[in-house]
1. Which residues, taken from region 145-162, are touching a helix residue (DSSP H, G or I) at 6+ places or on another chain (Cβ under 7 Å) and farther than 10 Å from LEU174 by Cα?
2. Listed residues LYS277, LYS219; which is under 28 Å from HIS63 (Cα atoms) and out of contact with any helix residue (DSSP H, G or I) (no Cβ under 7 Å at 6 or more places or on another chain)?
3. Quick one: count up the residues across region 152-175 that are part of a helix (DSSP H, G or I) and touching a residue at least 24 places away in the same chain (Cβ under 8 Å).
4. Within region 196-288, considering only helices (runs of 4 or more DSSP H) that don't extend past its boundaries, which have at least 3 residues that are closer than 18 Å to PHE76 by Cβ and hydroxyl-bearing (Ser, Thr, Tyr)?
5. Any residue that is out of contact with any strand residue (DSSP E or B) (no Cβ under 6 Å at 6 or more places or on another chain) and over 16 Å from PHE194 (Cβ atoms) - is there at least one of those in region 84-91?
6. Within region 219-239, track down each residue that is farther than 17 Å from VAL36 by Cβ and in contact (Cβ under 8 Å) with a residue 12 or more places away in the chain.
7. Take the conditions farther than 17 Å from VAL84 by Cβ and surrounded by 14 or more Cβ atoms within 10 Å (Cβ to Cβ) and apply them to GLU227. Does it pass?
8. Checking LEU161 against (1) among the aliphatic types (A, V, I, L, M); (2) under 14 Å from the mean Cα position of the chain (by Cα); (3) not assigned by TED's automatic domain parsing to the domain that holds ALA9, which single condition isn't satisfied?
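The values are calculated or read from the model by the stated rules, or taken from the named source; none is laboratory data. Not measured: the values here are computed from a predicted model. Neighbour counts run over all protein chains shown; Cβ positions are idealised from the backbone, glycine included.
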Amino acid sequence: MPLRPEVEALIGKEFRCLDKGFVRLVDVMGDDAAIVQAARVSYGEGTRSVRDDRKLIRYLMRHRHTSPFEMVEFKFHIKLPIFVARQWIRHRTASVNEYSGRYSIMREEFYVPDPDQLRPQSPHNKQGRAEESLPEELAQTLVERLRQTQATLYAEYQALLQHNLARELARINLPLSSYTEWYWKIDLHNLFHFLRLRMDEHAQYEIRLYACTIADIVKTVVPLAWEAFEDYVLQALTFSRQEQYILARLLQGSTLSEQALLEVGLLGREAQEFQEKLARIGQHLIDE
């Protein structure tokens, strides 16, 4: 089946990420129609309206019927820093073929963060940075230190190669900021899972930037599926049994208290996350 013009325009287009990276859609198999076709286990087109297709896709997403979404596949060519790749590869549901430093000379390409991304350790998140940036002068100093270290390590890498040390050994002291490239093929169901985690505000900034770039591509290829994903997963909230009990009491006119949370076992971070969910719901009322 030929691709729609707006999808055809995406093939091979390079979307820049960070200072030297990119995302490029190499190929795509399927679209919203492929999801619907698989769900109905039928062949041929034109038997249903777009409105009916939208209803079915939303039903599938709402009830977590995932296999029809696996009928759509994306193949990307991605250039990214190695430390981002190491987070990315945790998603073990894709096929990956990466640039090899055993066969090829590693390029002198390193990620250098923008000064405003140089931030202190978060006091609340053990694996993330704080919201505020470092002082401008200090940030510029640290950026220059990163560049100098990268240049030194790459010069040592070249020196090891000149001594005829095997490429697979010469590379081992290169930093995690080195850029790598890979082809990454994944079905839509697992891609949605990747995007749900990596577009989250708690994900590291650098991988979140790549995820948002991929999301813009996906929503063009499968607009109906993307709408359902956004409504039922990305922007949705889930509530535990204890949280539902508290919600029922709130609907009956009770007030939220620390004692009420303690009674149902909502403690510490779980209680905080529940209150953040309520705040999100409250924000919708303010926005209206």
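1. Matches in region 145-162: LEU160, LEU161.
2. After ruling out the rest, the residue left standing is LYS277.
3. Residues in region 152-175 being part of a helix (DSSP H, G or I) and touching a residue at least 24 places away in the same chain (Cβ under 8 Å): 6 in total.
4. Of the helices (runs of 4 or more DSSP H) lying wholly inside region 196-288, those with at least 3 residues that are closer than 18 Å to PHE76 by Cβ and hydroxyl-bearing (Ser, Thr, Tyr) span 205-221.
5. Checking region 84-91: not a single residue is out of contact with any strand residue (DSSP E or B) (no Cβ under 6 Å at 6 or more places or on another chain) and over 16 Å from PHE194 (Cβ atoms).
6. Across region 219-239, the qualifying residues are THR220, ASP231, VAL233, LEU234, LEU237, PHE239.
7. Spelling it out, GLU227 is indeed farther than 17 Å from VAL84 by Cβ and surrounded by 14 or more Cβ atoms within 10 Å (Cβ to Cβ).
8. Status for LEU161: all satisfied but (2).
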